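Quick note: the coordinates plus some simple rules give every number you see, no bench work behind them. Everything numeric in this text was worked out from a predicted model, so none of it was measured. Using ideal geometry, Cβ is built from the backbone for each residue, glycine included, and neighbour counts are taken over all protein chains shown.
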Ligand SMILES: [Zn+2]
Ligand SMILES: [Zn+2]
């Protein structure tokens, strides 16, 4: 899979560095200072102009999405992997997509002090994304009862243009692409600087000042001193409530899962007893099931969509009851790389995989609304087998190669 590469300078010492778009923790090889990358909403990248000198560059916005689209159909959940981008403004004669061009070059983070003017996107990511779903959901009919995405990368790409003698020139390759379109000059004159740049926060625990630990793509970082966990959100580090199932699993690998508590309307799903009935589980409802609150469990790491669904469905049906202790995992662990709010958007699709009999889906699911109310991160130990990691309490397994591959998704 292709990953965007970004040329960058260490915010501390100015040394050049190459980042990948999935990087969240940057450790400068020269001054050793470590920073957490943040963006207010999404990361914005600039494609380089071939010979920018003396040109009044205008940047056109393209929304980028790379990841899985999920569709709940009456016959089951289908998914497809896409790597796409699409023009985010309504302007004829600009290329509707950049194709794979951005993958072939070194990008830079868009910054307010850059030369040139940046056309603001007129279509939001959500609007553009709905178009992606339409496009790639074809062939599945209009039968999707719910849909979601698991994004490996979501961002905004800016591609440089300039006007010369009535022609619009693609400044990346220095080639004319047609006449200057109507409204271009006006839009260009009104355009300003990119709406929010990348931020670099010191990778230090906000509670005690100790170094935060994490791998380069980790979204949740831990403090080895006070045991707290933190994730970048809206330009700051916010605390993540974190628990761990620890026992006598010597040498276990800990995998992170989101436990999301929800308000569900349109169907009864508050307790474990409700789940037993909704999923038609082959067990009798015990009185204590009525007081055990239902939570969704879902992987907090990027993984192929079919594995994601299998793990989420399996753990949500089991509702693990082993006592969790607050804190970080004691041993080696896989980094949390999937944000809680993104996981929350997949809950309806996860639910669709649990409702039985499946014939009930089409009548039940459209009216269901799931609102996430809170989340905690849970690290579960997995024992290493020859081919799999196996969770001893639940017998849930994940293929070792699949987990290794997830790092390069
Ligand atoms: Zn440095
Ligand atoms: Zn701390």
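To one decimal place, what orientation-averaged projected area in nm² is obtained for the convex hull of the Cα set of region 140-196?
Numbers: hull surface 31.0 nm².
Seen from a random direction, the Cα hull of region 140-196 projects 7.7 nm² on average.
With the calculation restricted to Cα positions, what are the radius of gyration and Dmax of region 241-408 in angstrom?
15.8, 47
Sort the following peptides by mean Cβ neighbour count (other Cβ atoms within 10 Å, averaged over residues), highest first: 371-384, 184-197, 145-158, 277-290. Present the calculation step by step, with values, prior to reporting the outcome.
On the way: 371-384: 18.5, 184-197: 15.1, 145-158: 21.9, 277-290: 12.4.
Taking the mean over residues of other Cβ atoms within 10 Å, the ranking is 145-158, 371-384, 184-197, 277-290.
Given the C-alpha centroids of region 88-152 and region 268-324, what is the distance between them in whole angstrom?
That distance is 35 Å.
Nearest 10 degrees is fine. How inclined is helix 305-318 to the longest principal axis of the chain, computing both from alpha carbons?
On a 0 to 90 degree scale, this one is about 30.
What order do you get for 265, 246 when you list them from fewest to most C-beta neighbours inside 10 Å? Write down the numbers at each step before the final one.
On the way: 265 12, 246 20.
Taking fewest neighbouring Cβ atoms as first place, the list is 265, 246.
With a 10 Å Cβ neighbour count serving as the proxy for reagent exposure, in which order, fewest first, do 341, 90, 170, 388 appear? Walk me through the intermediate numbers first.
Details: 341 12, 90 9, 170 22, 388 17.
Fewest to most other Cβ atoms nearby, the residues stand as 90, 341, 388, 170.
Have a look at the DSSP beta bridges in region 241-408 and tell me what percent are antiparallel, nearest 5.
85 percent
So how long is each side of region 286-365 along the principal axes, counting just the alpha-carbon atoms, biggest first, in Å?
44, 35, 19
For the chain, set up a Gaussian network in which alpha carbons nearer than 10 Å are linked by springs, and say which option among 166, 251, 327 fluctuates the most.
166
Can you classify region 269-324 as rounded, prolate or oblate using the Cα gyration tensor, where a ≥ b ≥ c are the square roots of its eigenvalues, rounded means a/c under 1.5, and otherwise it's prolate if a/b beats b/c and oblate if not?
Values: a/c = 2.73, a/b = 1.81, b/c = 1.51.
Here region 269-324 falls in the prolate category.
First check a/c for the chain, with a ≥ b ≥ c the square roots of the eigenvalues of its C-alpha gyration tensor; if it is under 1.5, answer rounded, and if not, answer prolate when a/b is larger than b/c or oblate otherwise.
Because a/c hits 1.5 or more and a/b fails to exceed b/c, the chain counts as oblate.
Over all directions, average the projected area of the Cα convex hull of region 41-187 and note it in nm². Don't jump to the answer; show the numbers that get you there.
On the way: hull surface 39.0 nm².
The orientation-averaged projected area of the Cα hull of region 41-187 comes to 9.7 nm².
Could the peptides 199-206, 398-405 be put in order, highest first, of the mean number of other beta-carbon atoms found within 10 Å of their residues?
199-206, 398-405
For the modelled label position 7 Å from the Cα of residue 82 along Cα-to-Cβ, which residues of region 338-368 have backbone nitrogen atoms closer than 18 Å?
Answer for region 338-368: 345-346, 349.
Please arrange 78, 322 by counting, for each residue, the other beta carbons lying within 10 Å of its beta carbon, fewest first.
Numbers: 78 17, 322 11.
Taking fewest neighbouring Cβ atoms as first place, the list is 322, 78.
Quick one: among 50, 106, 345, which has the greatest mean-square fluctuation in a GNM of the chain with alpha-carbon springs under 10 angstrom?
Checking each option, the largest mean-square fluctuation is seen for 50.
For region 160-317, what value does the Rg/Rh ratio take when both radii are computed over Cα atoms and Rh is the Kirkwood radius, given to two decimals? Write down the numbers at each step before the final one.
Numbers: Rg = 25.6 Å, Rh = 21.4 Å.
Rg/Rh for region 160-317 comes to 1.19.
Defining a contact as two alpha carbons under 8 Å apart and six or more residues distant in sequence, what relative contact order in percent does the chain show? Walk me through the intermediate numbers first.
Values: 888 pairs, mean separation 76.8, N = 409.
Relative contact order here is 19 percent.
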